[in-house]
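The values are calculated or read from the model by the stated rules, or taken from the named source; none is laboratory data. Note that this is a predicted model, so its numbers are computed, not measured. So basically every Cβ, Gly included, is an ideal-geometry build from the backbone, and we count neighbours across all protein chains shown.
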Amino acid sequence: MMGMFKNPIFIFASIAFWVNQYLEKSLGIFLPVYHSYGDDLMAMPVVFGICLQLMRCWHPAGGELTFSTKQVMIGLVYFSLVFEVLLPFKSTTYTADPLDVVCYVIGTLVFLKFMNKPAPQSKKSQVL
C-alpha cells in the first residue's frame, strides 16, 4: 500500500528537496538556480504524491484510486494562490514570483503524466 513512496519520481523529488534544505540551512550553501526554483519544481510531485498515498489508505478503492485532472488543477491553483499571492501579501518572509507558478505547473504535469496512476498491483483505476 506504500506504492507512491516507492515511485522513483517521488523519491527523487523528496531527496532533492531535503538535500537542498540541508545545504541551505545547515551548511549555508546556495545553488543559484536551484535555490530559486528547485524546491518549487519538486513541490507538486511531493505534495500530490503524499495526498494520493493518504487518500489510498482511507478510500475503499485503495491502490486503484487516482485523482481527476480537475482535482489536481484545483490543488495547483490553491497552492499557487497561497504561496504566490496570499503569503507574500501577508508576510515579507515570502516573495511572489511568477516563475514559481511555472515550476508548480511543470511539477503538476509530471505528477499527472507519471505518478497519478493506479498502484502496480491494481488492475483498474477508480477516479476519486
- Message: Quick check on the stretch 1-49: of everything there that is of a type in the set (Asp, Glu) and under 11 Å from the mean Cα position of the chain (by Cα), which residue is nearest to Ala96 (Cα to Cα)?
- Response: Asp40
- Message: Looking for something among the aliphatic types (A, V, I, L, M), assigned to a helix (DSSP H, G or I) and in contact with a Leu (Cβ under 6 Å, 6 or more places away or on another chain) - is there at least one such residue anywhere in the stretch 19-26?
- Response: no
- Pairs only if they're at least six apart or on different chains, beta carbon under 7 angstrom, first in the stretch 112-128 and assigned to a loop (DSSP other than H, G, I, E, B) and surrounded by 14 or more Cβ atoms within 10 Å (Cβ to Cβ), second small (Gly, Ala, Ser) and at pLDDT 65 or above; list them, first residue then second. Pro118/Gly63; Ala119/Gly3; Ala119/Gly63; Ser122/Gly63
- Kindly indicate which of Leu31, Leu65, Leu81 is closer than 30 Å to Gln121 by Cβ and either loosely packed, with under 15 Cβ neighbours inside 10 Å or aliphatic (A, V, I, L, M) (or both). Leu65
- Index of the failed condition, Phe5 passing every other in (1) touching a residue at least 24 places away in the same chain (Cβ under 8 Å); (2) among the hydrophobic types (A, V, I, L, M, F, W, C); (3) touching a Phe, Trp or Tyr at 6+ places or on another chain (Cβ under 9 Å); (4) farther than 16 Å from Val105 by Cβ: (3)
- Note on the structure: Taking the stretch 10-28 and keeping residues hydroxyl-bearing (Ser, Thr, Tyr) and loosely packed, with under 11 Cβ neighbours inside 10 Å leaves Ser26
